[in-house]
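The values are calculated or read from the model by the stated rules, or taken from the named source; none is laboratory data. Predicted model only: the values in this text are computed from it and were never measured. Methodologically, a virtual Cβ is constructed for each residue, glycine included, from the backbone with ideal geometry; neighbour enumeration extends over all protein chains shown. Just so you know, the surface numbers come from the protein's heavy atoms only, side chains and all, with ligands and any DNA or RNA stripped out. Shrake-Rupley method; radii C 1.70, N 1.55, O 1.52, S 1.80 Å.
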Amino acid sequence: MDGVIYHGNQILPGVPEFIQWLHDEKKEYLFLTNNSGYTPRELNQKLARMGLDVPEEHFYTSALATAAFLKEQAAGCSAFVIGEAGLLNALYDVGITMNDVNPDYVVVGEGRSYSLDTLTKATNLVLKGAKLIGANSDVSGPIENGIAPSCRALVAPIDFIRKSSTIIV
């Protein structure tokens, strides 16, 4: 949605008219976002702050897709999660429990909780057998003042260490 519907906290030109047309014509629509950080409710509220009325049921996030995938792969599994409320809530909603000792999966999404400590924890859990899942494949995403690392960039160090026994000096 960022860069298509809005950029940062600014609605892009033509978007209000397009959404009004969707409502007026009673069109079915769904906004897709590869940002796993937000829940549909948070997206609804973000757009409301910008003057747009888009009900929660019109959003589908990469967090929801990740949760559906994991539920299909291993219902009732556990995960160590690096991410925001959107990802955590989506996983909880399908019955996935949080586990930082011996999870079935390490799931990485966008978020401010990414740190050397969480990276180290995630890496060691994957090396012990947890499967690594990224909530999307974007390397970067737009922000108001440029770009920010996105999910694929955040997964890369964990994946590199998992695949590599090479020491770089």
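Annotations
- Enumeration of residues in segment 113-141 that are within 16 Å of the chain's Cα centre (by Cα), surrounded by fewer than 16 Cβ atoms within 10 Å (Cβ to Cβ) and of a type outside the set (Gly, Ala, Ser): VAL139
- Test for LEU43: is it open to solvent by less than 70 Å² (accessible area, probe 1.4 Å) and of a type outside the set (Phe, Trp, Tyr): yes
- Within segment 93-112, tally of residues that are surrounded by fewer than 16 Cβ atoms within 10 Å (Cβ to Cβ), modelled with pLDDT of 95 or more and within 14 Å of the chain's Cα centre (by Cα): 0
- Within segment 33-51, the set of residues being over 18 Å from ILE143 (Cα atoms) and at pLDDT below 95 comprises just one member, GLY51.
- Highlighted here are the helices (runs of 4 or more DSSP H) found entirely within segment 3-75 that include at least 2 residues which are of a type in the set (Asp, Glu): 15-24.
- Picking from residues in segment 1-40 that are farther than 28 Å from ALA67 by Cα and among the polar types (S, T, N, Q), the one that is least open to solvent (accessible area, probe 1.4 Å) is GLN20.
- Of all residues in segment 80-99 being touching a residue at least 40 places away in the same chain (Cβ under 8 Å) and not in a helix (DSSP H, G or I), the one that is farthest from PHE59 (Cα to Cα): PHE80
- Listed by first and then second residue, the pairs with beta-carbon distance under 9 Å, at least 6 apart or on different chains, first residue in segment 8-36 and in contact (Cβ under 8 Å) with a residue 60 or more places away in the chain, second assigned to a helix (DSSP H, G or I) and exposed (fewer than 14 other Cβ atoms within 10 Å of the Cβ), are ASN9/ARG49.
- Residues of segment 25-53 that turn out to be under 20 Å from the mean Cα position of the chain (by Cα) and not polar (S, T, N, Q), as a count: 11
- ASN102 vs. criteria closer than 21 Å to PRO149 by Cβ, in contact (Cβ under 8 Å) with a residue 24 or more places away in the chain and outside any strand (DSSP E or B): no
- Scanning segment 105-132 for residues being part of a strand (DSSP E or B) and either touching a Gly at 6+ places or on another chain (Cβ under 6 Å) or closer than 15 Å to PRO157 by Cβ (or both) gives a total of 3.
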